[in-house]
Amino acid sequence: ELQEAQANVERIYKQLDKLETLVVDILSLTKADLGAEQDTPVDFAEIFDAIKSRLAWLTAQNSCDLSMKVKLSEPVFSQSTRLSQVIENLMSNGIKYMNPESQTPFVHVEVSDKQNNLLISVVDNGLGIPEDMQEDVFSMFTRFHPNVHSGSGLGLSIVKRHVDYLNGKIRVESTKNGSRFD
């Protein structure tokens, strides 16, 4: 009886954790549609340091090299919170879905500009997104590797909403050797 009770408590805890993740993601999705934040100078190094700190729990479980390269010809003025959420979501996916067979898992962020357009790339050498599912990559509740990591399937949908709100475009290239979001 004690073992069964412990197993039930563990199942309840896991379900509550999944529910909490879903609620947080739904709230993030709602925020993505709400009012604008003021455009301010964006400090990408500060954003990257804050993201690394927030993802420390995840990198403690999954050793992964995180790096960022910023090469801008002029300062960027935009909504830092939205840009941070886009980068963080893509980085966390790269960590969560890294290839366990990789000797050197990495997530690399590159920020640059070209003809007054901000370009952000997030590249990883993880599991990738199956080719037959790539057209649904930004759809709500879509999961590509449900047995690898739990989640709500809203993360990339949230990313897309933020990018759309900022009048940007996002695309993905993915193979079994990793993914690249631009």
At a Cα cut-off below 14 Å, give the aspartates and glutamates reachable from residue 52, other chains included and same-chain residues fewer than 8 away excluded.
65, 88
In nm, spacing of pseudo-spin labels at residue 62 and residue 6 (7 Å Cα→C-beta vector)
2.9 nm
If each K or R counts +1 and each D or E counts -1, the residues other than residue 119 whose Cβ falls under 15 Å of its Cβ total +1
Pick out, in residue order, every one of the GluC sites (Glu not before Pro) in region 55-114 that is DSSP loop and has at most 16 other C-beta atoms within 10 Å; say none if there are none.
101
So the carbon and sulfur contribution to the accessible area of region 85-138, 1.4 Å probe, in percent, is 43 percent
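The values are calculated or read from the model by the stated rules, or taken from the named source; none is laboratory data. Everything quoted here is computed from the prediction, not taken from an experiment. For neighbour counting, all protein chains shown are included, and Cβ atoms are generated from backbone atoms with ideal geometry for every residue, glycine included. Accessible surface is based on the protein model in full, side chains and every heavy atom, while ligands, DNA and RNA are left aside. Shrake-Rupley method; radii C 1.70, N 1.55, O 1.52, S 1.80 Å.
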